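Working notes, structure below.
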Amino acid sequence: MANIPIALVTGANKGIGFEIARQLAEAGAKVLLGARDPGRGQSAASNLTADGLDVSYLSLDTLDEDSIQAAATRIEAEYGRLDILVNNVGIWDTRDGVPSGAPRDVVRTTMETNFFGTLTVTQALLPLLHKSQAGRIVNLSSTLGSLACNGDPSSPYYSAQNIGYNASKAAVNMLTVELAEELRESSIIVNSVCPGFVKTDLTGQQGEVLPSEAAKVPVRCALLSSEEAFSGRFLDTAGEIPW
């Protein structure tokens, strides 16, 4: 599989992650569909393999360090490297809200899932990404994590106060910025992507964008060639988002 990109998508049993997995596989990648629930993960992978796509279920709970290490060990044993990491796992709790009133346990759980889980997975898989000739890390973020947009009274995001979710995505953006700087002399590039307000379980199916559309920018960033590669940027379908 020397010429076939090996890709891992976390939280890929449904929603945006599932569509990212599908589109990466359609582009010719070997996709490891990460999910913590074996039944849902295997079912999602089977749906894609039934379409003739090269997708395998990978047991992965991004809040369990043993699970993360086991996944890294399996990838190394079976493939020897990782070319693409899409950090897709994320949650939003309806109890989240303004800084003065958001329950601290909600904020803590959101930060643990959206930021610490992403950080831990990335740290565990970086050694395998360094073995790739062109490693790609895509962090799923949100314009709600943009300090510039949240601080602009004319922005539609100005009044969207969810301190747990927004802070967690701002932290993911900082991870992107700092990791891009740390890896600037390597062949690994890292970018943040906002998929938009997507019609998924996370939004209560209230989104305006279908997962198949939302997956396109993350997939494009995951498949950037060395000639067109850029790193340390924050993008959505319209282009650059201010940090």
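The numbers here are math on the coordinates, done by the rules we state, and not lab data. Keep in mind the model is a prediction, meaning the values are calculated, not measured. Quick reminder, even Gly has a Cβ in these numbers, built from the backbone with ideal geometry, and neighbours come from all protein chains shown.
Shown for 243, 92: other C-beta atoms within 10 Å of each C-beta, ranked fewest to most, produce the order 243, 92.
Across segment 133-140, computed HN-Hα scalar couplings (Karplus, 6.51 cos²θ - 1.76 cosθ + 1.60, θ = phi - 60°) run 6, 7, x, 10, 10, 10, 9, 6 Hz from first to last residue, x flagging Gly and Pro. Computed extension gain for residue 130 through residue 184, at 0.36 nm per residue and net of the alpha carbon distance, reaches 18.2 nm.
A cut-off under 12 angstrom between Cβ atoms defines the neighbours of residue 187, and their net charge, with Lys, Arg +1 and Asp, Glu -1, is +2. Counting only DSSP beta bridges whose two residues both lie in segment 6-240, roughly 10 percent are antiparallel. Using C-alpha pairs below 8 Å separated by at least 6 residues, the relative contact order for segment 6-240 is 19 percent.
As a proxy for reagent exposure, ranking 86, 217, 190, 209 by other Cβ atoms within 10 Å from fewest up yields 209, 217, 190, 86.
Entry note, segment 84-194: relative contact order of 36 percent, from Cα contacts under 8 Å with a spacing of 6+ residues.
Of the trypsin sites (Lys or Arg not before Pro) found in segment 112-187, those in coil by DSSP whose Cβ has at most 12 other Cβ atoms within 10 Å are 184.
Of the DSSP H helices in the chain, those that are both long (alpha-carbon extent of 20 Å or more along the helix axis) and hydrophobic (Kyte-Doolittle mean at least 0.0) are 163-182. Only lysine pairs 8 or more places apart or on separate chains count here, and in the chain those with Cα atoms under 27 Å apart total 11. Modelled spin-label separation between residue 159 and residue 66, with each label point placed 7 Å from Cα along the Cα-to-Cβ direction: 4.8 nm. Summarising the label geometry, the points placed 7 Å from Cα in the beta-carbon direction at residue 238 and residue 49 lie 4.2 nm from one another.
The ranking of 30, 14 from fewest to most other beta carbons within 10 Å of each one's beta carbon is 14, 30.
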